[in-house]
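**Q** Structure below; questions to follow.
The values are calculated or read from the model by the stated rules, or taken from the named source; none is laboratory data. Quick caveat, the model's predicted, so the values are computed rather than measured. Using ideal geometry, Cβ is built from the backbone for each residue, glycine included, and neighbour counts are taken over all protein chains shown.
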Amino acid sequence: MKKGLIIAGVIIIIVIFSLFGYYNKFVTASEGIDGQWAQVESQYQRRFDLIPNLVNSVKGVMAQEKEVFGMIADARTKYAGANSVNEKAGAATEVESALGRLLVIMENYPQLKSADTTQGLMAELSGTENRISVERKRFNDSVRGYNVMTKRFPGNIMAGMFGFDERNYFEIAQGADVVPEVNLTD
């Protein structure tokens, strides 16, 4: 009888520690995703801090391209007002699209390309875009690891018990893969 109680007690202790272990894994992975998203946002903020400088440096020479500057400003405003990761990702994609148009325009203005200020800002912006890409990849890697934990057995049972749901990947907005066309002949 005592031996049976001891075995049952050991089994219960193992189950309880397993539950704690799974719970702690999910909390750690979830916090890792949130921390990685903060890194993505940090790089977005760096980009948003650079954009006004870039825009101001080329604005005088490119007064006819007000539409692009308006698109950039609108996208920045949408990002600032976004409440979810998906809304922020969509707004960030709009910024990328507008910046892509601006870069194409700048390539058509040799006097802008040769300006030291513009070159420096373009290099900074290019570096920022690379940093954003790296941080988004790291974010998606974190989400993938977490989602695998929530789908594998017995983690899927534990995730359901503790309320840990699948997380969304950072995905490009529909149409963001289309290269913007800039027509300067109108």
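**Q** Just the residues that are modelled with pLDDT of 90 or more and among the hydrophobic types (A, V, I, L, M, F, W, C), please, taken from segment 163-186. Outline the logic, then answer.
**A** From segment 163-186, those modelled with pLDDT of 90 or more are 163-167; that's our starting set.
Correct list: F164 only.
**Q** If you don't mind, another one. Does segment 32-41 contain any residue that is modelled with pLDDT under 80 and surrounded by 15 or more Cβ atoms within 10 Å (Cβ to Cβ)? Full working, then the answer.
**A** Step one: of segment 32-41, the residues modelled with pLDDT under 80 are none.
No - not one qualifying residue is present in segment 32-41.
**Q** Looking at N56 and the list (1) surrounded by fewer than 13 Cβ atoms within 10 Å (Cβ to Cβ); (2) at pLDDT 75 or above, which single condition is not satisfied?
**A** That leaves (2) as the condition not met.
**Q** With respect to N147, is the statement that it is in a helix (DSSP H, G or I), at pLDDT 80 or above and either loosely packed, with under 12 Cβ neighbours inside 10 Å or among the polar types (S, T, N, Q) (or both) true? First the steps, then the outcome.
**A** Numbers: in a helix (DSSP H, G or I): yes; at pLDDT 80 or above: yes; either loosely packed, with under 12 Cβ neighbours inside 10 Å or among the polar types (S, T, N, Q) (or both): yes.
Criteria met by N147.
**Q** Under 9 Å between Cβ atoms, at least 6 apart or on separate chains: pull out the pairs that start in segment 146-171 with a residue that is under 21 Å from E135 (Cβ atoms) and in contact (Cβ under 8 Å) with a residue 12 or more places away in the chain and end on any residue that is of a type in the set (D, E) and surrounded by 11 or more Cβ atoms within 10 Å (Cβ to Cβ).
**A** That search, which allows pairs on different chains as well, returns Y146/E166; N147/E166.
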